[in-house]
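Enquirer: Have a look at this one before I ask anything.
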Amino acid sequence: MPKIALPMGRRVQRIGYPQAVQELKLQTQKLLGLSNDVTISVSELTCREPGCPDVETVVAILRDGEKPIIARIHKSIPEVTVDELKEALDLRLRT
């Protein structure tokens, strides 16, 4: 995926990622019926450890005074489908 450089030494950002992050946040809010005051964090992590997926998307739901709900999907942010997001969130909410 093409990358663009950001001014002032900020991280390099891949084209299409901001839109994909926003879409995952909106879908998470919709799937769980969350209000606008709930923080939803979407990030992508890489792992170099044996047996670890190369990349995973982490969706965290953060509410004041509550333990975070963290869902992991073993794909890059733009590759995550709504069904995969729903499955990952359902799994976390059942545990």
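Enquirer: Starting from the Cα-Cα distance between Asp54 and Glu66, subtract it from 0.36 nm times their residue separation and give me the gain in nm to one decimal. Walk me through the intermediate numbers first.
Expert: On the way: separation 12, 0.36 × 12 = 4.32 nm, distance 3.01 nm.
Gain in length upon complete extension: 1.3 nm.
Enquirer: Between Lys75 and residues 5 or more places away or on another chain, which pairs have amide H atoms under 5 Å apart, with H built 1.01 Å from N, and which residues are they?
Expert: Thr57
Enquirer: I've got another one for you. According to the square roots a ≥ b ≥ c of the eigenvalues of the Cα gyration tensor, what is the shape class of segment 52-95, taking rounded for a/c under 1.5, prolate for a/b larger than b/c otherwise, and oblate for the remainder? Intermediate values should be presented prior to the final figure.
Expert: Working: a/c = 2.07, a/b = 1.69, b/c = 1.23.
Cα axes put segment 52-95 in the prolate bin.
Enquirer: Quick check: residue separation of Leu34 and Gln22 times 0.36 nm, minus the Cα distance between them. What number comes out in nm? Walk me through the numbers before you get to the answer.
Expert: Details: separation 12, 0.36 × 12 = 4.32 nm, distance 1.48 nm.
Gain in length upon complete extension: 2.8 nm.
Enquirer: What does the charge count near Asp90 come to, summing +1 for each Lys or Arg and -1 for each Asp or Glu among other residues with Cβ under 12 Å from its Cβ? Present the calculation step by step, with values, prior to reporting the outcome.
Expert: Values: positive: Lys86, Arg92, Arg94; negative: Asp83, Glu84, Glu87.
Result for the neighbourhood of Asp90: 0.
Enquirer: Add +1 for every Lys or Arg and -1 for every Asp or Glu among the other residues with Cβ under 12 Å from the Cβ of Thr81, and state the total.
Expert: Details: positive: Lys75, Lys86; negative: Glu23, Glu79, Asp83, Glu84, Glu87.
Taking every other residue near Thr81 into account, the sum is -3.
Enquirer: Something else about it: Can you tell me the FRET efficiency between Asp90 and Ile15 if r is taken as the Cβ-Cβ distance and R0 is 35 Å, rounded to the nearest 0.05? It would help to have the intermediate numbers written out before the result.
Expert: On the way: r = 31 Å, r/R0 = 0.88.
Here the calculated transfer efficiency is 0.70.
Enquirer: I need the per residue convex hull volume for segment 3-94, using only the alpha carbons, in cubic angstrom as a whole number. Don't skip to the answer; put the middle values down first.
Expert: Numbers: hull volume 12.8 nm³, N = 92.
Convex hull volume per residue, Cα atoms: 139 Å³.
Each reported figure results from applying straightforward, stated rules to the coordinates on display, with no laboratory input. From a predicted model like this one, the values you see are computed outputs, not experimental measurements. Quick reminder, even Gly has a Cβ in these numbers, built from the backbone with ideal geometry, and neighbours come from all protein chains shown.
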